[in-house]
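**Student:** Mind looking over this structure? Questions follow.
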Amino acid sequence: MNTLNVILAMDIIHNFSEGILSTAVYAIIGIIAAVAGYFIVDLLIPGNMGKQIAEEKNMPIAIVAGAMILGICIIIAASIVG
């Protein structure tokens, strides 16, 4: 009975560490994809979104950029989950 408990504990630890690793990999891929999506949209629209938001304090562009990045992140999360 004691050997069975050790085997089950090792299996739980293995599954947990495998889950943590896959979560970290998907998080990194998701962040890279979100940043790439932001830069692609920034290239497609006229002007520089970062400059408009940071230097000129353009609130409507900041709201659009925030909504855009949330939309991209939702799409990426849905594609990762399946």
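Since every read-out is calculated from the coordinates, none of them should be taken as a lab result. Not measured: the values here are computed from a predicted model. Cβ atoms come from the backbone with ideal geometry, glycine included; neighbour counts cover every protein chain shown.
**Student:** Mind listing just one residue for me: the one in the range 60-77 that is surrounded by 12 or more Cβ atoms within 10 Å (Cβ to Cβ) and of a type in the set (Gly, Ala, Ser) and, of those, farthest from the chain's Cα centre (by Cα)?
**Tutor:** First, pick out the residues of the range 60-77 that are surrounded by 12 or more Cβ atoms within 10 Å (Cβ to Cβ): 61-62, 64-65, 68-69, 71-73, 75-77.
Retained after the next criterion (residues that are of a type in the set (Gly, Ala, Ser)): 62, 65, 71, 77.
Details: Ala62: 19, Ala65: 16, Gly71: 11, Ala77: 7 Å.
Among residues in the range 60-77 that are surrounded by 12 or more Cβ atoms within 10 Å (Cβ to Cβ) and of a type in the set (Gly, Ala, Ser), the one farthest from the chain's Cα centre (by Cα) is Ala62.
Let's see how each residue does on (1) assigned to a helix (DSSP H, G or I); (2) touching a residue at least 24 places away in the same chain (Cβ under 8 Å):
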| residue | (1), (2) |
| --- | --- |
| Gly37 | yes, yes |
| Pro46 | no, no |
| Ile61 | yes, no |
| Gly71 | yes, no |
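**Student:** Here's a follow-up. Are any of the residues in the range 4-18 of a type outside the set (Val, Ile, Thr) and either under 18 Å from the mean Cα position of the chain (by Cα) or outside any helix (DSSP H, G or I) (or both)? Before you say what the answer is, go through the steps one by one.
**Tutor:** First, the residues of the range 4-18 that are of a type outside the set (Val, Ile, Thr): 4-5, 8-11, 14-18.
Filter again for either under 18 Å from the mean Cα position of the chain (by Cα) or outside any helix (DSSP H, G or I) (or both), leaving none.
Looking through the range 4-18, none of the residues is of a type outside the set (Val, Ile, Thr) and either under 18 Å from the mean Cα position of the chain (by Cα) or outside any helix (DSSP H, G or I) (or both).
Table: residues versus (1) surrounded by 10 or more Cβ atoms within 10 Å (Cβ to Cβ); (2) in contact with a helix residue (DSSP H, G or I) (Cβ under 7 Å, 6 or more places away or on another chain).
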position	(1), (2)
Ala33	yes, yes
Leu44	no, no
Ala54	yes, no
Asn58	yes, yes
Ser79	yes, no
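**Student:** I need the full set of residues from the range 48-59 which are outside any helix (DSSP H, G or I) and of a type outside the set (Asp, Glu), in order please. Break it down stepwise before answering.
**Tutor:** Of all residues in the range 48-59, those outside any helix (DSSP H, G or I) come to 48, 55-58.
Listed by number, the residues that qualify are Asn48, Lys57, Asn58.
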